[in-house]
Amino acid sequence: MPRRRRFLGAQVAALVAAACVTTYEEAPLLTDVKVPAVPAVAQTIPFGDTVGADQTLLFEFYGSLFQRLQAAVDDRDRVQLEALLAAYDRPDLPPRIAEVVRGYGAVARALRWQEHLLATATLALPPADGGAPAAPVLGQRFSFDLTLPAPPMPVRLGGRGDDDACGFAVAITLDDTFVDGSTRSTHTQEFAWLPEACAFAGGEPLVVPIELDVAAGFAVRRVVHLRVDLMPGHVEVEGARAPVQRTGIAAATLTLWPAGHEAIARAPLATLREALRRGDAAHFAHVFVAACFVPAADRDAATDLLVEQVRFGRQEQALVAMAALQEVTGVRLPAGDRDAWLAWWQARR
């Protein structure tokens, strides 16, 4: 299926520099993050001024209905909201009441479109030329494709210069692991907007590339967590201006390895043995990566090799071996505590 591409320019440049020593606290995605100014979204539909005595009963009845409609909005219960509108929206409604009902109808349309996004939006690596996605390596610039399949109803999304611009929040968390077993988590959030208006219904999806350009630093493994939220504002659904709330619509996780890791993954035990024999810092990454790819059948052999390094290696060699043991065995003893690891090894013999 052909796809339209709208470039947002949501790039994250050099988040982690090689010489960076800043520490970061772990934080859940999209928490305690400064959000740029966006249009206010009124989910409560105002009723209006006081009415005359001759209309009191009529407006009391519809006042009760509006409370039920608002409760459905607060619960984001689109089915209940549409059921109430279907039962009470009539062509002969008083003008002021009809205006309020139309407002709730717009909210229902927005909820239906957001449900469509939740059910169908995807976030994935773009396919390579005619084939499967090519996995990027640490330090390589790459992108994800946010794909929004066309909805069953006509929708218009505003461009950046429109009064009702359609924007996305892109939250990125990088969990880095180093050869000595230490870890660092960094978090950032970017905001991007469609550069131009887009109207679609049926047919081709809207594909939004999200580019990432993040320095590798000294990490030997990086797990990228990416989440995209639709920003609050207004969209046009079935010809009506409809308010939307901030909604998480897609997420993805990707593990990155250093360049050349494929060769290590094909022969992890042999690579581990040779890297330990050489014992130099240039091969510490080989030790860790090989440990991550050792198959179950070779774990006992890999464990024995690494324990020997813990027993007789220099301090920096033993530290890397203990970090590798965590990956091979799943045991979470501290990397750096030789006595603990040797006691564990003796106990399992």
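Structure above, values below:
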item	result
Coordinate range along principal axes, alpha carbons of the range 81-136, Å, largest first	60, 17, 16
Given charges at beta-carbon only (K, R positive; D, E negative), |dipole| of the range 261-348 in Debye	60 debye
Local electrostatic count at ARG141 - Lys and Arg +1, Asp and Glu -1, tallied over other residues with Cβ under 12 Å	-2
Within-14-Å neighbourhood charge of LEU342 [Cβ basis; K, R +1; D, E -1]	0
Net lengthening on full extension, ALA132/GLN67 (0.36 nm per residue, minus Cα-Cα)	18.2 nm
The range 265-337 and the range 84-155: distance between their alpha carbon centers, rounded to Å	48 Å
Footprinting exposure proxy for ASP162, ASP74, ASP129, ASP300 (fewest neighbouring C-beta atoms within 10 Å first)	ASP129, ASP74, ASP300, ASP162
Estimated Rh, the range 145-289: Kirkwood, alpha-carbon pairs, angstrom	18.3 Å
Overall dimensions of the range 171-257 as given by Cα atoms, namely Rg and Dmax in Å	17.6, 58
Cβ-based charge dipole, the range 221-276, positive-most Cα from MET231, PRO258, GLN245	PRO258
Modelled FRET efficiency - R0 35 Å, ALA343 with THR253, Cβ distances, 0.05 increments	0.50
Relative intensity, log₁₀ I(q)/I(0), of the range 96-176 from a Debye sum that treats every alpha carbon as a point, q = 0.15, 0.18 Å⁻¹	-0.81, -1.02
Cα Rg over Rh - the range 242-349, Kirkwood	1.18
Ascending count of other beta-carbon atoms within 10 Å, so fewest first, for SER143, SER64, SER182	SER64, SER182, SER143
Mean projected area in nm² (Cα convex hull; one quarter of hull surface) for the range 245-288	4.7 nm²
5 angstrom amide H check on ALA150, placed H, neighbours 5+ away	LEU206
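Each value in this text was obtained by applying a stated rule to the coordinates, not by laboratory testing. Bear in mind that the values here come from a model prediction, so they are computed numbers and not experimental data. Note: ideal-geometry Cβ built from the backbone for every residue, glycine included; neighbour counts use all protein chains shown.
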